[in-house]
Amino acid sequence: GAATVTATDSREIYKYAAVFTRFSLSYDKRYLLNLTGRRDGSSRFGPGNQFANFGAIGAGWVFSNEPFLKPQQSWLNYGKIRGSYGITGNDQISNYQYLESWTGTSYTYGAVPGLRPVKLFNPDYRWEQNRKLELALELGLLKDRIQFTASWFNNLSGNQIINYVLPAQSGFRSVLRNFPGLIRNRGFELEISSRNIQSSRF
């Protein structure tokens, strides 16, 4: 029966927790293997969707350490082929978006200001997922005075959290949800660095 209700939103609580593990193997300085796994939790998702599992695998071959390439070490100092595939998550949204929210209105009923809903309750959206595949070649030439890296990558982003437009009959403009589409980014990256002059004075 109170005539006035005052609410503020000056304080927000955001909690994030993660468990991470990594396994690395190097055999004879030639064959490399990395396995990673993690479990992340975020308070920005509704109950049942707060935790998710992610991981990655990577492998490499340092072919410059192979016995049949030892005679070439006068000009080929380092050579490696590597590849990796992994999945990461994203929770970069505002806090409390899965909860319904209300706001005050200037319209009164019995001289008492009313409240109206402004956001729908939707606890079903979950983590965004980013999948990345990468293959690369690394070279060190002429006593590492010339270093060269060529890589190809293919990134897929899915489950994007967007404001999904609703029909006007629902009484709301939009609701936050996962979009089923995929966004692909792929391409090549080339990097060359060199030490052209190397002396005691320069």
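The values are calculated or read from the model by the stated rules, or taken from the named source; none is laboratory data. This one's a predicted model, so the numbers in the text were calculated from it and none came from an experiment. Glycine gets a Cβ as well: all are built from the backbone with ideal geometry, and neighbour counts include every protein chain shown. The area values use the complete protein model at the heavy-atom level, side chains included, leaving out ligands, DNA and RNA. Shrake-Rupley method; radii C 1.70, N 1.55, O 1.52, S 1.80 Å.
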query = Ignoring ligands, DNA and RNA, what percent of the accessible area of region 27-68 is carbon or sulfur (1.4 Å)?
reply = 61 percent
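Ratio of Rg to Rh for region 78-139, alpha carbon only, Kirkwood? Mind dumping the intermediate values first?
Numbers: Rg = 24.3 Å, Rh = 16.6 Å.
Reported Rg/Rh (Cα atoms, Kirkwood Rh): 1.47.
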note = Over region 58-107, with neighbouring protein chains present, the accessible area per residue in Å² at probe 1.4 Å is 60 Å²
request  = Can you tell me the order of 159-165, 68-74 when each peptide is scored by its average per-residue count of other Cβ atoms within 10 angstrom, highest first?
outcome  = 159-165, 68-74
query = Pick from Ser170, Ser24, Ser42: which residue has the top mean-square fluctuation in a GNM of the chain where Cα pairs under 10 Å get a spring?
reply = Ser170
ask   = Relative contact order for the chain: what is it in percent, counting Cα pairs under 8 Å that are at least 6 residues apart?
value = 16 percent
ask   = What is the local net charge at Ser170, summed over the other residues whose Cβ is closer than 15 Å to its Cβ (Lys, Arg +1; Asp, Glu -1)?
value = +3
request  = Would you compute, for the Cα atoms of region 22-160, the largest minus smallest coordinate along each principal axis and list the three values in descending order, in whole Å?
outcome  = 94, 28, 18
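Ordering Asp40, Asp144 from largest to smallest accessible area (1.4 angstrom probe), what's the sequence? Mind dumping the intermediate values first?
Values: Asp40 5, Asp144 55 Å².
Output order, biggest surface exposure first: Asp144, Asp40.
Please report, in cubic angstrom per residue, the volume enclosed by the convex hull of the alpha-carbon atoms of region 93-202. Could you put the intermediate results ahead of the total?
Values: hull volume 22.8 nm³, N = 110.
Spelled out: Cα convex hull of region 93-202, divided by residues, is 207 Å³.
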request  = Please list, in chain and number order, the residues 5+ apart from Tyr164 or on another chain whose amide H is under 5 Å from its amide H, with Hs placed from the backbone.
outcome  = Val175, Leu176, Arg177
task = Starting at the first residue of region 157-174, write each ³J(HN,Hα) from the Karplus equation 6.51 cos²θ - 1.76 cosθ + 1.60 with θ = phi - 60°, in whole Hz, x for Gly and Pro.
result = 10, x, 6, 4, 8, 10, 7, 7, 5, 10, x, 4, 5, 6, x, 10, 7, 7
key: Relative contact order [Cα under 8 Å, 6+ residues apart], region 91-183, whole percent   = 24 percent
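Based on Cβ point charges of +1 for Lys and Arg and -1 for Asp and Glu, what charge dipole magnitude is obtained for the chain about its Cα centre, in debye rounded to the nearest 20? Could you put the intermediate results ahead of the total?
Values: 24 positive and 14 negative charges, 92 e Å.
I would put it at about 440 debye.
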request  = With the Cα gyration tensor of region 24-93 in hand, give its eigenvalues times 5 under a square root as the equivalent ellipsoid semi-axes, listed largest first in whole angstrom.
outcome  = 41, 11, 6
task = Express the carbon and sulfur contribution to the solvent-accessible surface of region 136-184 as a percent, rounded to the nearest whole number, probe 1.4 angstrom.
result = 59 percent
query = Say we join alpha carbon atoms closer than 10 Å with springs in a Gaussian network model of the chain; which of Leu99, Leu142, Leu35 then has the biggest fluctuation?
reply = Leu142
